[in-house]
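To start, the structure under review is shown below, and the notes come after it.
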């Protein structure tokens, strides 16, 4: 059964789509079957893996029309990587969902239909905290928060963390923070180092060891409709996202081992 990870931050331009596409690509080459769910009406993740949003079926049809996601999901040229495309029509979906029963759980119900087919499902959320994003967080097991290494990025975190608490309290008590991911990191800037230090001071182990450096190849890969690892596997961007994928996998293995040890300990006591 696949782990669902939402990639969210209400601040735009922090690398949400870049992370969804390239983390997905990295899981894929590491032989973990992965689905990217493009939940942003801008549909940049869709075009970023080589599809024209105007020529594909899309997530709107699954949420509003009840189409099975397996009829809409597309395979990419990246090993083990699929995408559920988006479209500008998703803007209107929130209005249509308002009066629907269990409106916050529609994404969860949709993904349950394909969850067993994947090791990871990555949801690329829009830069807003609207109903589609609430749906994404309600469906998710965890959330990755990309944080650009600049001062104003820290200011926006409070609102998102408060939203996460509300989701945990009302809709999804099992939602956890997978980690805060520093993006667009420039080692030449003192401020970038300061932001990383501030994040680690306040959030400690929640901050990924991996940082995503500012990288020209990362910026140009979407124009080729390719993940960075398919566009330039030797680039710093590709290496960064492979390291992030490995870090997430390693964290899961450690957590699983810890849980198994706790079960063994309890059985010994019984």
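Just so it is clear, none of the values below were taken in a lab; they were calculated from the coordinates. Just so it is clear, the structure is predicted and the values come from calculations on it, not from any experiment. Positions of Cβ are generated from backbone atoms using ideal geometry, with glycine treated the same way; all protein chains shown enter the neighbour counts.
Express as a percent, rounded to the nearest 5, the fraction of DSSP beta bridges in the chain (both residues included) that run antiparallel. Write out the running numbers ahead of the final one.
Working: 2 of 29 bridges.
Antiparallel bridges: around 5 percent, rounded to the nearest 5.
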Quick one: grab the alpha carbon gyration tensor of region 125-231, order the square roots of its eigenvalues as a ≥ b ≥ c, and give me rounded if a/c is under 1.5, else prolate or oblate depending on whether a/b is larger than b/c. oblate
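Using helices alone, what [θ] at 222 nm do you get for the chain, with -39,500 (n - 2.57) per DSSP H run of 4 or more residues, divided over all residues and rounded to the nearest 500?
Details: 12 runs with 125 residues, N = 270.
For the chain, the value works out to -14000 deg cm²/dmol.
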Can you put 29, 196 in order, fewest other beta carbons within 10 Å first? 196, 29
Compute the separation of the alpha-carbon centres of region 126-185 and region 2-78 and state it in Å as a whole number. 17 Å
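Mind ranking 158-171, 181-194, 228-241 by how tightly packed they are, going by the mean number of other C-beta atoms within 10 angstrom, highest first?
Details: 158-171: 14.1, 181-194: 16.1, 228-241: 20.4.
Final packing ranking: 228-241, 181-194, 158-171.
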At what distance in nm do the modelled label points of residue 89 and residue 243 sit from each other, each positioned 7 Å from its Cα along Cα→Cβ? 4.2 nm
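Relative contact order of the chain, please, whole-number percent, based on alpha carbon pairs below 8 angstrom and at least 6 residues apart.
Values: 511 pairs, mean separation 67.1, N = 270.
Relative contact order, the chain: 25 percent.
For a quick check: sort 27, 208, 224 by the number of other beta carbons within 10 angstrom, fewest at the front.
On the way: 27 30, 208 22, 224 13.
So the ranking, lowest neighbour count to highest, is 224, 208, 27.
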